[in-house]
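Some notes on the structure that comes next.
The values are calculated or read from the model by the stated rules, or taken from the named source; none is laboratory data. It should be emphasised that the depicted structure is a prediction, and the values quoted were computed from it without experimental measurement. Cβ sites come from the backbone with ideal geometry, for glycine too, and all protein chains shown count toward neighbours. Accessible surface areas use protein heavy atoms only, side chains included; no ligands, DNA or RNA. Shrake-Rupley method; radii C 1.70, N 1.55, O 1.52, S 1.80 Å.
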Amino acid sequence: MKILVTGGLGFIGSHVVVKLQEQGFDVVIIDNLSNSDIKVLDGIIAITGITPEFEQLDLREKPAVSDFFKKHSDVRGVIHFAASKAVGESVENPLLYYENNIGTLVYILQELQKKEQACFIFSSSCTVYGQADQMPITESAAIKKAESPYGNTKQIGEEIIQDTCRVNPNIKATALRYFNPIGSHESALIGELPIGVPQNLVPFITQTATGQRAELSVFGDDYPTPDGTAIRDYIHVVDLAEAHVAALKRLLANQQATNFDFYNVGTGKGSSVLEVITAFETVTKKKLNYKIVDKREGDVIQAYADTTKVNNVLGWKAKYSLEEALFSAWKWEQKQL
Ligand code: UD1
């Protein structure tokens with residue numbers, strides 16, 4: 001059975017391609033290499049021994065998207081990662097985000113509309129909740145006004161899919177609302193490859209530990225949390241990849257009662273920035289150079305998942321600890337030197 005993975009050479013996409021191939025799916029990847037490296041394909045092949053089909057294509061080119069679906073008419077499911085994800089950049093250049101994240105989603109759904117049956121998995125984010133009123137966050141928490149165009153594209157994206165599925169029962173879709181994905185494949189053959197200065201905590205930590213960055217800035221220590229630093233739910237990317245396969249299998253088996261559904265994907269455990277630093281120092285036996293600086297604009301105080309729905313309905317549960325995820329990220333970073 002052939003599955004299209006858009007953005008399949010990116011951080012999460014590449015780990016999902018590996019899991020899909022390991023479980024016997026045929027994979028075709030679309031990636032425009034705007035935020036990924038063609039070498040990731042070698043990593044996927046080295047891990048799985050299987051060469052996925054690959055089309056270098058920009059999903060903003062509507063005719064090319066149409067041609068792709070004509071050529072690959074046997075695609076039965078789509079896992080859609082291809083999107084821009086830098087919050088700050090989205091504030092500076094909102095139209096890039098609306099075109100990249102919304103325009104391309106519309107083009108893909110227009111193609112799926114034409115199919116007899118199609119499954120669609122959408123890469124969503126806990127950012128749709130903003131600062132939720134209650135922890136842990138359940139799927140029934142209110143969707144607050146997005147803090148950034150990036151966050152808005154995830155909210156609008158889910159709405160577009162829901163509206164589309166309502167009138168196209170041939171499309172069954174699931175949105176996975178990720179908490180904070182970190183780590184890398186145990187082989188360290190694929191991992192997170194931020195371009196330029198990392199914006200996210202864990203790649204910044206690993207690059208500080210290798211000496212590529214002089215110092216880690218901890219954004220704020222006067223949050224109303226036990227140690228004053230912000231709390232997130234860090235999930236190992238390999239666990240996250242498994243969640244995609246579980247969601248896809250449920251859709252393919254026609255087990256999802258509604259045409260559209262959504263799940264939180266996290267570990268259920270919140271960790272503060274200082275706890276992450278301590279855990280990193282413990283597993284790597286490296287001292288991190290860090291200092292407390294002002295809060296980063298737009299950051300929420302805390303966000304961690306209630307995972308009851310994903311545990312019970314998808315039968316998926318995170319297996320890896322924060323320490324294991326951090327160690328894998330460290331192993332990967334050292335290989336990049
Ligand atoms: C961010 C986005 C989120 C997006 C995700 C995608 C914001 C507000 N949120 O999540 O919408 O889905 O990235 O990758 O940007 N931190 C530091 N120092 C650093 C970097 C981060 O102290 O150098 C802190 C942050 O303040 C935060 C935590 O570490 O408390 C995690 O930050 P990060 O990894 O950037 O993820 P989010 O901000 O949670």
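At-a-glance table
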{"read-out": "Max mean-square fluctuation residue, GNM over the chain, Cα-Cα springs under 10 Å, options Gly270, Gly49, Gly183", "value": "Gly49"}
{"read-out": "Positive minus negative residues near Leu109 (Lys, Arg vs Asp, Glu; Cβ under 13 Å)", "value": "+1"}
{"read-out": "Distant-in-sequence amide H partners of Gln302 (H built 1.01 Å from N, under 5 Å)", "value": "Ile231"}
{"read-out": "Highest average packing first - 108-115, 214-221, Cβ atoms within 10 Å", "value": "108-115, 214-221"}
{"read-out": "Environment charge at Asn289 (Cβ cut-off 14 Å; Lys +1, Arg +1, Asp -1, Glu -1)", "value": "+2"}
{"read-out": "Normalised contact order of the chain, rounded percent, pairs of Cα under 8 Å and 6 or more residues apart", "value": "19 percent"}
{"read-out": "Per-peptide average of other Cβ atoms within 10 Å, ordering 150-157, 99-106 highest first", "value": "150-157, 99-106"}
{"read-out": "27 Å Cα-Cα threshold exceeded, pairs from Lys2/Lys145; Lys39/Lys286; Lys2/Lys114; Lys145/Lys331; Lys19/Lys287; Lys154/Lys331", "value": "Lys2/Lys145; Lys39/Lys286; Lys145/Lys331; Lys19/Lys287; Lys154/Lys331"}
{"read-out": "Antiparallel DSSP beta bridges within the chain, percent to nearest 5", "value": "5 percent"}
{"read-out": "Residue-averaged [θ]222 nm for the chain, counting only DSSP H segments that reach four residues, each worth -39500 (n - 2.57)", "value": "-11500 deg cm²/dmol"}
{"read-out": "Accessible area of segment 135-241 belonging to carbon and sulfur atoms, whole % at 1.4 Å probe", "value": "51 percent"}
{"read-out": "Accessible surface, per residue, of segment 36-187 when the full set of protein chains is kept, probe 1.4 Å, Å²", "value": "46 Å²"}
{"read-out": "Estimated FRET transfer efficiency (Ser187, Ser217; beta-carbon r; R0 30 Å; 0.05)", "value": "0.45"}
{"read-out": "Net charge over other residues, Cβ less than 13 angstrom from the Cβ of Asp26 (K, R count +1; D, E count -1)", "value": "-1"}
{"read-out": "Charge dipole (segment 32-120, unit charges on Cβ, about Cα centre) - positive-most of Leu109, Gly49, Asn35", "value": "Leu109"}
{"read-out": "Cβ-based charge dipole, segment 106-234, positive-most Cα from Pro226, Ala118, Gly151", "value": "Ala118"}
